[in-house]
């Protein structure tokens, strides 16, 4: 069995790759990390705990440690139904610590949408349907469908990163109706980009245009995974995928180390 | 074949004492009614009436040490070098995934007193008792008394620790990942600080961790539910969150049984 990492790391240096107009929102996208280094801050920290002196530590080194300030929706992460609303399918929405492990280790399927979808636009349901029809595998109940949107060619630091193809309410409900429980994308977000939804709302006043891909998860319970990485290394189907999130009490999401198990 | 998971991770929450005072996780919750104003920043003119049931999204801001919650330490946590100073110690984002999915072995050290430093002989005797021959790549989990007092203030002072020799006994036999349900792989600091005050022997300070200076190994702390595991016969999955250059990463550690 081969293990394939499909996780985007939490990297504080990403701040340098954000365009200036996005810096104000950096706290939702990039972690802040205070590094405590073994040769510097770690020495004082350790001497404090043990009541010893720097020369008592082997080669004068303490420990390495870090303190992170993150949003629960950073890097490759799992959204719990609570993210989309307090209720889901008419019942109190589940939080990230309520989801059972069995639901997060499932059959995986990659839908290759490259060349069939456009940045900044909603992914048409017809495109999803024809991609599924042409796919050698099939969607099983509870499986994870991962969308390879073409964003792998637009990493952070390039203009296309923020102009990704997004899922609408219709597309989201369609995949859920096929039986998929975990819906993943290699794009920054599941919905169309915020500036796109903002423009349409401003032009039409149509409230159903707002965050409609996520809000669809109030009507059909799904776990949305954003910022998948390295989907090009996966087969189309016939593998397991595990998305075990941190057990963050009553939270709406958590970063996860997403791993595919390929035979 | 039926697959069954056992969760070996503690929840990360604010109201349950899991770390020394001042080192606790902080979670700031933004709930659905509060976030409508946040969303109006993205969608000018948005009112609660525009939102389904007047609700926006739920979200959280979290301040965590990489050593809060159930986590895996990288060799870099122990020292800047490993392999007897020959190589730079790897950080958590460099953890090879293959070693994080491997057969688990549990050592039952619940009867050892708080602050006791387990030896290589203790490990050998327990392996003999459970009838397991250690194999390279086994993930070895130490069940201490701390597991049963998790959530109480005494947790950080509870359980035995693993000494340098016990740690090297495992590492020399090809064990890459170890774990404990105590706050630390080493004996609780309060016990070691007392011994230090008496002996002034620097070799006892963080000796289990510092064994990683000699042989690199990876180490999980604050595991849960170890008492529910049999001695062996299952796989452990323990993929750490990928944090660039960090000394540790949180992990949702699980045991997988194929019944």
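Some notes on this structure:
- With all pairs of separate Cα atoms included, the protein assembly as shown yields a Kirkwood hydrodynamic radius of 23.9 Å.
- Taking each DSSP H run with n ≥ 4 as -39500 (n - 2.57) and averaging over every residue of chain B yields -5000 deg cm²/dmol at 222 nm.
- Computed over chain B: relative contact order in percent, which uses C-alpha pairs under 8 Å that are six or more apart: 30
- Förster-model FRET efficiency, 45 Å R0, residue A:39 and residue A:204, C-beta, rounded to 0.05: 0.15
- Rounded to 5, the percent of DSSP beta bridges in the protein assembly as shown classed as antiparallel: 65
- The C-alpha atoms of chain A define a longest principal axis, and helix A:41-50 lies at about 70 degrees to it.
- Dividing the summed -39500 (n - 2.57) terms of all DSSP H runs of n ≥ 4 by the residue count of chain A sets its mean residue ellipticity at 222 nm at -4500 deg cm²/dmol.
- Among A:178, A:74, A:46: highest mean-square fluctuation, GNM of chain A, C-alpha pairs under 10 Å: A:46
- Exposure proxy ranking, count of Cβ atoms within 10 Å, fewest first, for A:103, B:198, B:126: B:198, A:103, B:126
- When the Gaussian network model of chain A links Cα atoms closer than 10 Å, the mean-square fluctuations of A:202, A:80, A:253 top out at A:202.
- Here the range A:55-86 and the range B:61-99 have alpha carbon centers that stand 12 Å from each other.
- Order of A:121, B:121, A:21 under a 10 Å beta carbon neighbour criterion, fewest first: A:21, B:121, A:121
- Just checking the listed ones, A:224, A:36, A:139: in the Gaussian network model of chain A with Cα springs under 10 Å, the one fluctuating most is A:36.
- For chain B, the longest principal axis of the alpha carbon atoms and the long axis of helix B:120-130 meet at an angle near 80°.
- Share, in percent, of DSSP beta bridges within the range A:108-263 that are antiparallel, nearest 5: 35
- The mean sequence separation of alpha-carbon pairs under 8 Å and at least six residues apart, normalised by the residue count of chain A, gives a relative contact order of 29 percent.
- The range A:77-262 shape via C-alpha gyration tensor axes, a/c threshold 1.5: rounded
- Least to most buried among A:168, B:199 (fewest other Cβ within 10 Å first): B:199, A:168
- Once both labels are positioned 7 Å from their Cα atoms along Cα-to-Cβ, the gap between residue A:69 and residue A:232 label points is 3.5 nm.
- Expressed to the nearest 5 percent, the antiparallel share of DSSP beta bridges inside chain A is 70 percent.
FYI, it's all coordinate maths here, none of it is from the lab. All of these numbers come straight from a predicted model, not from anything done at the bench. Positions of Cβ are backbone-derived with ideal geometry, glycine not excepted, and every protein chain shown enters the neighbour counts.
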